[in-house]
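The next block holds one structure in the form of structure tokens; read it before the comments.
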Amino acid sequence: MPATREDRAFGIVVYAVLGIVSLIVLYPLYYVLIASFSEPLKIMNGEIWLWPKGFTIDSYAKILDNDAILRGFLNTVLYTVAGTALNLTMTVLAAYPLSRSDFVGRNLFMGLMVFTMFFGGGLIPSYLLIKNLGLLDTFWVMILPGAVSIWNIIIMRTYFQQSIPPEIQEAAVIDGCSSFGTLLRVVLPLSMPILAVTVLFYAVGHWNAFFNALLYLSDRPKFPLQLILREILIQGQTDDMVRASTESAIKARQAVEGIKYAVLIVANIPMLLLYPFLQRYFVKGILVGAIKG
């Protein structure tokens, strides 16, 4: 049917509103990008709007010369890779048996897991538990406390139930596959969408995590990048960012002003690069996995 005048008007309004919302969302990211390549004094004076002014890469050069930022970046990569691998393994091993109708007691286990989503011990008991386990100031304190997400287990379990026909699993058992073999050879190859979604959720969570590090880490060489970034943006610790002994206070402040935008770009690039590879699986995985039944 040909579009009516009202349909065309409605379409124009929708596109206009979505365009405005997109600009509101994207401009802050664009501003951080152009500010990272601009002269710090012009940033402080509010002269940056649509393009860099006083183009320079000094901020990125200072990042490369700063051991704390580079070490924080490497720590974050390590925490993200190891944590996501552990998270995905734990989630799959929990979600698959809970999706099987022949698993006795699955409703009881599911109920106990859901219970933990609504009730917890609180911050102080959690800290005491971590301390008594000897995890303070260790690599594992950034990995083990969040080893599995009940929400992601529910999403993955629902995907297994809705998208993997039981007949396929029965055929694999008839052919001699064990339950673990069925999971590896049949279920997981058919579950790429939900696996991609789960990896993205966990990876973004680990990459942006700083609260656990703030609570449980006191050894600076173990700090993730987000904690270093917090020091730059909030605490204004400039001693490690610039050489205060050779620069005036004003120049030191200017240097930090440029560094914080450059670090923001460096901190976000890995996740921005990861998303395009998983995007084609994202919508399908999250929609199918969200169907509760």
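The values are calculated or read from the model by the stated rules, or taken from the named source; none is laboratory data. Values in this document were obtained by computation on a predicted structure and should not be read as measured data. Every residue, glycine as well, gets a Cβ built from its backbone with ideal geometry; the counts of neighbours run over all protein chains shown. What goes into the accessible areas is simple: the full protein's heavy atoms, side chains included, and nothing from ligands, DNA or RNA. Shrake-Rupley method; radii C 1.70, N 1.55, O 1.52, S 1.80 Å.
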Please tell me if PRO270 is modelled with pLDDT of 80 or more, open to solvent by 60 Å² or more (accessible area, probe 1.4 Å) and in a helix (DSSP H, G or I).
no
Do the conditions hold for PHE103, that is, is it in a helix (DSSP H, G or I) and farther than 25 Å from ASP219 by Cα?
no
Within the stretch 8-61, can you find the residues that are under 19 Å from ASN268 (Cβ atoms) and touching a Pro at 6+ places or on another chain (Cβ under 9 Å)?
LEU33, ILE34, ALA35, SER36, PHE37, SER38, SER59
Could you grab me the full set of residues in the stretch 119-177 that are surrounded by 16 or more Cβ atoms within 10 Å (Cβ to Cβ) and either among the hydroxyl-bearing types (Ser, Thr, Tyr) or touching a Gly at 6+ places or on another chain (Cβ under 6 Å) (or both)?
THR138, ILE143, SER149, ILE155, THR158, TYR159, SER163
For the stretch 188-238, how many residues meet the condition of being over 15 Å from the mean Cα position of the chain (by Cα), open to solvent by 40 Å² or more (accessible area, probe 1.4 Å) and among the aromatic types (Phe, Trp, Tyr)?
0
Residues in the stretch 178-187 that are over 22 Å from ASN107 (Cβ atoms), open to solvent by 40 Å² or more (accessible area, probe 1.4 Å), assigned to a helix (DSSP H, G or I) and not charged (D, E, K, R): how many?
2
Is it the case that some residue within the stretch 153-168 is modelled with pLDDT of 85 or more and in contact with an Asp or Glu (Cβ under 9 Å, 6 or more places away or on another chain)?
no
Given the criterion more than 12 Å from ALA262 (Cα to Cα) and within 24 Å of the chain's Cα centre (by Cα), identify the matching residue among TYR31, TYR27.
TYR27
